[in-house]
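In what follows, a single structure is set out as structure tokens and then discussed.
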Amino acid sequence: MDTSSPSRQSGLRADLKRILPFELTGAQHRAIEDIARDVASGHAMNRLVQGDVGSGKTVVALAALFLAVENGFQAALMAPTEILAQQHALVLRRLLDPVGITVDLSIGSLKAKEKEAVRERIANGVTQVAVGTHALIQEDITFRNLGMAIIDEQHRFGVLQRQALHRKGTTPHVLVMTATPIPRTLTLTLYGDLDTSIINELPPGRKPIKTHWKRRREAGGVYTSAQRLLDQGRQVYVVCPLVEESEKLQVKAATQLAEHIQTEVFPQYRVGLLHGQMKPDEKEDVMRRFKALEIEVLVATTVIEVGIDVPNASVIILEDADRFGLAQLHQLRGRVGRGEHASYCILLADPKTEDGQARMHVMVETQDGFRIAEEDLKLRGPGEFFGTRQSGLPEFYIGDLLHDLDLMEETRRAAFALVERDPNLLRPEHLALKGALERSRLGFELVHVS
């Protein structure tokens, strides 16, 4: 793919201006220019795009998809959940259909005939943009010429899933996106092999979300305030307390909460329910009805944590908010504040621990996802931040993830310089390093095969 000339980059800007109904932010422009430069470099791109909640990552992904298709390649966008994949497909079809780009959705819940038809279209190149979940990396899906692989909500995918998608093309460009801002030290250690772009501006017109922490005894007043907004035509999310013991108990708690809110709190409004055990078409139907204002109050589990976009929803009430982690609280808060109306996030909680109180204070004080990520790292420590085992977070014998950012940046630069000078580590002074790398890679493969 060649996008090296300045005229090509300005052409991309013109193309995007033609299909987008809004202006891009400076941060979005910078991320898109980073991607265009990578694609023009002659090497396969490996880039991480970090966007705060609501910063408009999807538009950056759209530009990358557009670049691939314009140059005669297919592009794939992989999301962690069917709801998010369906939403991406909906948005991309709306924007790309008018310019003649074919978008197909490949998810596990499709009927057998539909699956087969999508597989054929991807294999013969009719599908220019394939959107899906992990179904996209299954053995029986073959791309004709995959040039761009985009992985959304990176922290939810394992290393082997990323590699499987990568192998669908010869050497496709890889763009990794996350709306969970990651502290710089963790970016260096977990994604040291990736270049990074940061989208830290919100689109114009977005109003800050007012966040309030209320004690449980104040719940009556919170719901009375929410009713005033419902009376003005707004919509409300109510998030069920987190039940970690089992998914069945979580569903039961959400169902009971929805019944309580319908009969005791908002009998005059239509209350919907969304949870992880519902079938994909049931979830889609609930979200469609909520978007169409056929449901005014949506009671949900954390299934709404990413990707749900309903501009008219202006209040989110988090029941027992202290049961959630900071990153989750920040993601959930991002479901509101997407339209022209003032928006509110209410944390209902009586935290019993200092950590629980600290999380409430951080949420009230800031909406900056990058600062929240740093505070989360301080509160939980590196091992707990992602869960060491899932993330492949290395253990350090000397360095400290919380305090040695400068040293880690210097070490990363030194490592890249060393590989530049001796790519195969053949110099005598590098043989011990080569042996250590081979041993660690073998250990990694054994762990993931077993």
Relative packing of peptides 295-303, 335-343 - highest average C-beta neighbours within 10 Å first: 295-303, 335-343
Just to be sure I understand the model, the point goes 7 Å from the Cα along the line to the Cβ. What's the resulting Thr102 to Tyr269 distance in nm? 4.4
Relative to the Cα centre, what is the charge dipole magnitude of region 192-290, using +1 at the beta carbon of each Lys and Arg, -1 at the beta carbon of each Asp and Glu, and rounding to the nearest 20 debye? 640
Kindly rank 420-428, 231-239 from highest to lowest mean number of other beta carbons found within 10 Å of each residue. 231-239, 420-428
Enumerate the aspartates and glutamates that Lys434 could reach by cross-link, defined here as Cα to Cα under 18 Å, with residues fewer than 8 away along the same chain left out. Asp193, Glu420, Asp422, Glu445
Please give the FRET efficiency for Arg228 paired with Asp404, using the beta carbon to beta carbon distance and R0 = 41 Å, rounded to the nearest 0.05. 0.25
Starting from the 7 Å offset along Cα-to-Cβ, what nm value, one decimal, do you get for the label separation of Arg412 and Ser41? 1.3
Can you classify region 224-263 as rounded, prolate or oblate using the Cα gyration tensor, where a ≥ b ≥ c are the square roots of its eigenvalues, rounded means a/c under 1.5, and otherwise it's prolate if a/b beats b/c and oblate if not? prolate
Once a ≥ b ≥ c are taken as the square roots of the eigenvalues of the Cα gyration tensor of region 237-294, is the result rounded (a/c under 1.5), prolate (a/b larger than b/c) or oblate (a/b not larger than b/c)? oblate
Residue-wise, which Karplus ³J(HN,Hα) couplings in Hz belong to region 32-41, taking 6.51 cos²θ - 1.76 cosθ + 1.60, θ = phi - 60°, and x for glycine or proline? 5, 5, 4, 5, 4, 5, 4, 5, 7, 6
Straight-line reach only, C-alpha to C-alpha below 19 angstrom: list the aspartates and glutamates that Lys113 could link to, leaving out same-chain residues fewer than 8 apart. Glu82, Asp104, Glu139, Asp140, Asp281
How do the peptides 202-209, 273-280 rank, highest first, by the average count of neighbouring beta carbon atoms within 10 Å per residue? 273-280, 202-209
Work out the FRET efficiency for Lys279 and Glu438 from their Cβ-Cβ distance, taking R0 = 60 Å, and round it to the nearest 0.05. 0.80
Counting only protein heavy atoms and rolling a 1.4 Å probe, one gets per residue an accessible area for region 170-299 in Å² of 50
Region 99-153 shape via C-alpha gyration tensor axes, a/c threshold 1.5: rounded
Compute the accessible area per residue over region 1-131, keeping the other protein chains in place, probe 1.4 Å, unit Å². 41
Greater than 32 Å separation of Cα atoms is the criterion. Which listed pairs, Lys115/Lys207; Lys111/Lys252; Lys57/Lys291; Lys214/Lys283, meet it? Lys115/Lys207
Assigning unit charges at the beta carbon (Lys, Arg +1; Asp, Glu -1) and nothing else, what dipole magnitude in debye, to the nearest 20, does region 66-138 show about its Cα centre? 140
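The values are calculated or read from the model by the stated rules, or taken from the named source; none is laboratory data. Worth saying up front: this structure is predicted, and the values here are computed from it rather than measured. Ideal geometry is used to build each Cβ from the backbone, glycine not excepted, and the neighbour counts take in all protein chains shown. Accessible surface areas use protein heavy atoms only, side chains included; no ligands, DNA or RNA. Shrake-Rupley method; radii C 1.70, N 1.55, O 1.52, S 1.80 Å.
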